[in-house]
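Nothing in this text is a laboratory measurement; each read-out follows from the coordinates by a stated rule. Since this is a predicted model, take the numbers as computed values, not measurements. So basically every Cβ, Gly included, is an ideal-geometry build from the backbone, and we count neighbours across all protein chains shown.
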Amino acid sequence: MSVAILKDSRKLSFRKGIHPADREELSRDQAIEVLPTPEVVRIPLLQHLGAPSKVCIEARAEVRMGQRIAEASPGLSANIHASVDGKTAREGLVTLPNGRRVATLPIKSNPEQGLEGEALKEVYLGGNWSFDPECLDPADIARSTLEAGIVGMGGAAFPTHIKLAKNEKKPIADILVNGCECEPYLTADHRLMIESPDSVIAGSLMVQRATGAKHVSICIEDNKPKAIEAIRQAIGDRDIDIKVMKSKYPQGSEKALTVAALGRAVPTGGLPLDVGVVVVNVGTAASVARTVLRGMPLTHRIVTVTGEGIVQPKNLLVPIGTDFKTLIDACGGLREDVDIARIIAGGPMMGFAITDLDTPVTKGTSGITVLTAESIRREQATACVRCGMCVDVCPLDLVPTKLALAARHQNVELLNRYHIDACMECGCCAYQCPAGIPLVQLIRSGKILKRNRK
Ligand code: SF4
Ligand code: SF4
């Protein structure tokens, strides 16, 4: 069930996968804009893989941007910080796009902010990012990353300090810095690489220093020539490779990237760590640099607001906890001359459809994609015609049709036999299915069923 490399390809790639239209042209030339500070942010206390964080300040406290407001729980968890200057209010609840109901800490922002607008953008992206890696203690980099609440910003939100902690049993040979952004429509990473390549390079070297890895490669799909050039220039004469990857979905998944870039297959149920690799997203790398060099915790992120249903698609730098409606309004709102069919947290392949625009941005929110009736397929699902196309495209060599059937019949034994936990929910199978069967939704329901039966 591991991803296989495509050996006869000239560009680096993996076997199977799909080629959806990338639709990046809607937002890729839109420079990052800073969202005006919203009146209120509602900061979820679970924005990462693992246990919720615990509030560590008094109720109705005055807080400053970057102040820690919730502490990581023991084990897999992450600290959380205020994303605005303001005053906290009573805890509330919110349903996140993945269906989880979590506590939130609202903060009413002060009319005057210490850092916002162009000044914030300059600190976040601009200026000088040079440093001497030899002068940094590897353990300090991991500690700063933990303190700053940094998690994977490509969507998975895995606490980064765990990847950076030195592991004597599993030494790391390679760092892959993931700039593929293979999910259609999204361009937040693309803009970061163009507008702040030095922060990406600085963070990549810090990840290397923390883990003791021998090599660093920055992996970018071949549909992003400006980003490739910006990163190439920022690398200068440093010992960092650029790996140009074939544009193909899901090239940015950790397993596909590891096999395509290095020819190393990650075992079923394993991690790149098991084959001596740490994969970090370009946004995560830049966050590490921002923390180590500028003392900034993870309080903001770049979000692409895009799709045929948005008046003016943009890439926005926003405080964590801002609601989706504020972002959409900042892009001119929803178009009234088209039939809006779906609003998605993330991109169309791996994102989650939402109905409530009060949903807050989390550390893992890479985009909001608004699709029109014209841009999506809407036929009624029909019975499986056993064409096998879902199997032909699954990068993990799973049998999606059998997984879907086992989920429908609530058969946990079969779900296990067909390796449901290996599925990364990339959506290739559903995209390809001529019968319009919601394979990913069925697989997700199978995973929930399995969890509940434990
Ligand atoms: S969603 Fe799962 S089963 Fe479907 S193609 Fe992706 S990995 Fe395979
Ligand atoms: S692609 Fe769809 S119709 Fe074809 S085998 Fe898979 S589930 Fe059945």
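Numbers at a glance
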read-out: Antiparallel DSSP beta bridges within the chain, as percent of all bridges there, nearest 5; value: 65 percent
read-out: √(5λ) per eigenvalue of the Cα gyration tensor, region 389-453, largest first, Å; value: 18, 11, 10
read-out: Relative contact order (%) - criterion: Cα under 8 Å, at least six apart; region: the chain; value: 19 percent
read-out: All Cα pairs of region 24-294, percent lying beyond 35 Å; value: 16 percent
read-out: Calculated Rg and Dmax of region 300-375 using C-alpha coordinates, Å; value: 11.1, 33
read-out: Inverse of mean 1/r across different Cα pairs in the chain, Kirkwood, Å; value: 22.4 Å
read-out: Formal net charge of residues neighbouring Glu134 (Cβ-Cβ distance under 14 Å; K, R +1; D, E -1); value: -2
read-out: Computed log₁₀ I(q)/I(0) - Debye formula, equal Cα scatterers, no solvent, region 217-280, q 0.15, 0.24 Å⁻¹; value: -0.50, -1.03
read-out: Partner aspartates and glutamates for Lys255 [C-alpha distance under 12 Å; skip if fewer than 8 residues away on the same chain]; value: Asp274
read-out: Cβ-defined net charge surrounding Thr362, 13 Å radius [Lys, Arg +1; Asp, Glu -1]; value: +3
read-out: Restraint check, Lys226/Lys325; Lys121/Lys325; Lys248/Lys314; Lys163/Lys226, Cα-Cα greater than 26 Å; value: Lys226/Lys325; Lys163/Lys226
read-out: Ranked packing of 128-135, 223-230, most packed first, by mean Cβ within 10 Å; value: 223-230, 128-135
read-out: Mean residue ellipticity (222 nm) of the chain, computed from DSSP H runs ≥ 4 via -39,500 (n - 2.57), nearest 500; value: -8000 deg cm²/dmol
read-out: Binned Cα-Cα distance frequencies in region 156-274 - 10 Å width, integer %; value: 13, 45, 36, 6
read-out: Lysine pair number, Cα distance threshold 30 Å (strictly under), region 1-112, separation 8 or more or different chains; value: 4
read-out: Label-point gap, in nm, between Ala21 and Asp337 - each point 7 angstrom along Cα→Cβ; value: 1.8 nm
read-out: Principal axis box of region 59-162, alpha-carbon based, largest edge first, Å; value: 45, 36, 24
read-out: Which of Arg209, Arg232 has the fewest Cβ neighbours within 10 Å, and the rest in rising order; value: Arg232, Arg209
read-out: Footprinting exposure proxy for Glu374, Glu181 (fewest neighbouring C-beta atoms within 10 Å first); value: Glu374, Glu181
read-out: Cα gyration tensor shape of region 261-407, rounded if a/c is under 1.5, else prolate or oblate by comparing a/b with b/c; value: oblate
read-out: Compactness of region 246-343 as Cα Rg over 2.2 N^0.38 Å, two decimals; value: 1.46
read-out: Two-site FRET efficiency, Cys56 against Glu112, from Cβ-Cβ distance with R₀ of 22 Å, rounded to 0.05; value: 0.30
read-out: Region 24-294 - share of DSSP beta bridges that are antiparallel (%, nearest 5); value: 55 percent
